[in-house]
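The next block holds one structure in the form of structure tokens; read it before the comments.
The values are calculated or read from the model by the stated rules, or taken from the named source; none is laboratory data. Every value quoted in this text rests on a predicted model; they were computed, and no experiment measured them. Because the Cβ atoms are built from the backbone with ideal geometry, glycine has one as well, and the counts that use them run over all protein chains shown.
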Amino acid sequence: MSIFKFITSKSFFKQIGIALGSLFLLYFVLKFWLNITTNHDQKIQVPDLHKITIDEAAKKLKEIDLDFKVIDSASYNPEYPKKSVIEQNPEAGTFVKEKRKIYLTLNPSKYRDINIPDLNGRTKRQAISELQAIGFIVGTDFTYVKDIGKDVVRGLRHKGKIVNPNDKLPKNSIIELVLGDGKR
């Protein structure tokens, strides 16, 4: 049997009809099933969770049938209460379906701790630049000790106590410099 005879035969057209009918039936069954399982036309507005604690956020989300997941904490922001929501995804006011996860970023309870660098022997200007670059605040009340090097760092203090290299202090801590007076 040649290909031309097969394409023009009754059985070929029957097979094409069955295939097209099956595709239409599959399309309508899938469309009906998707409308039921995806809760088409259902919308829940995401509430604003900024500046509330995680417990309050969980309660609020549970009431409207939404789930949440806490992602890694961000950098400490003193404008927000400790351990409160500082960021959410999706944003407040957007519409989602039930059981949708809302991803929350929390404000840590304090600034992160940073290692104190070894600044002994550096100039005052170098020490100030390095401390500010890593997130410390340099105090303006310098202590001078007897040393040949003028304005050379001979130690660091925090709240009156001596701090050593590799000690840890929270970011934005105030560090006072102990400097040489340039006299022998």
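Got a sec? Which of I134, I175, I128 is touching a His at 6+ places or on another chain (Cβ under 7 Å) and either in the same structural domain as T53 (by TED's automatic domain parsing) or not small (G, A, S) (or both)? Steps first, please.
Details: I134 fails: touching a His at 6+ places or on another chain (Cβ under 7 Å); I128 fails: touching a His at 6+ places or on another chain (Cβ under 7 Å).
Just one listed residue meets the conditions, I175.
Please verify whether L23 is without any contact (Cβ under 8 Å) to a residue 40 or more places away in the chain, of a type in the set (A, V, I, L, M) and over 20 Å from T94 (Cα atoms), treating the condition exactly as stated. Yes, satisfied.
Could you tell me whether any residue of region 33-44 is under 30 Å from L169 (Cα atoms), without any contact (Cβ under 8 Å) to a residue 40 or more places away in the chain and not assigned by TED's automatic domain parsing to the domain that holds N164? No, region 33-44 contains no residue that is under 30 Å from L169 (Cα atoms), without any contact (Cβ under 8 Å) to a residue 40 or more places away in the chain and not assigned by TED's automatic domain parsing to the domain that holds N164.
Tally up the residues in region 110-146 that are of a type in the set (D, E), assigned to a loop (DSSP other than H, G, I, E, B) and within 30 Å of A58 (Cα to Cα), please. Before the answer, list the steps.
Keep residues of region 110-146 that are of a type in the set (D, E), which gives 113, 118, 130, 141.
Now drop any that are not assigned to a loop (DSSP other than H, G, I, E, B), which leaves 118, 141.
In the following step, the residues that additionally are within 30 Å of A58 (Cα to Cα) were identified as none.
Qualifying residue count for the region: 0.
A Cβ distance below 6 Å, combined with a sequence gap of six or more or placement on separate chains, defines the contacts here; from region 115-137, residues that are more than 15 Å from V152 (Cβ to Cβ) reach residues that are assigned to a loop (DSSP other than H, G, I, E, B) and basic (K, R) in the pairs G135/K171.
Results for (1) exposed (fewer than 13 other Cβ atoms within 10 Å of the Cβ); (2) closer than 30 Å to Q132 by Cα; (3) not assigned by TED's automatic domain parsing to the domain that holds N164, shown as yes or no for each residue.
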{"position": "S11", "(1), (2), (3)": "yes, no, yes"}
{"position": "K14", "(1), (2), (3)": "yes, no, yes"}
{"position": "I54", "(1), (2), (3)": "no, no, yes"}
{"position": "I64", "(1), (2), (3)": "yes, no, yes"}
{"position": "F68", "(1), (2), (3)": "no, no, yes"}
{"position": "D72", "(1), (2), (3)": "yes, yes, yes"}
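Within region 158-167, the set of residues being surrounded by 13 or more Cβ atoms within 10 Å (Cβ to Cβ) and either in a strand (DSSP E or B) or outside the structural domain of D147 (by TED's automatic domain parsing) (or both) comprises H158, V163. Can you say whether P170 is in contact with a Lys or Arg (Cβ under 6 Å, 6 or more places away or on another chain) and either surrounded by fewer than 15 Cβ atoms within 10 Å (Cβ to Cβ) or of a type in the set (F, W, Y) (or both), as far as the supplied structure shows? When the stated conditions are applied, P170 passes them. Being in contact (Cβ under 8 Å) with a residue 24 or more places away in the chain and out of contact with any Phe, Trp or Tyr (no Cβ under 9 Å at 6 or more places or on another chain) is a property that does not hold for D151. Remark: pairs (first residue in region 81-105, over 15 Å from A58 (Cβ atoms) and in the same structural domain as D48 (by TED's automatic domain parsing); second residue of a type in the set (F, W, Y) and assigned to a strand (DSSP E or B); Cβ separation under 6 Å; 6+ apart in sequence or on different chains) = N89/Y103. Of the residues making up region 102-120, those that are within 18 Å of the chain's Cα centre (by Cα) and modelled with pLDDT of 90 or more are I102, Y103, L104.
Under the condition of being of a type outside the set (V, I, T) and closer than 30 Å to R100 by Cα, the residues counted in region 1-41 number 12.
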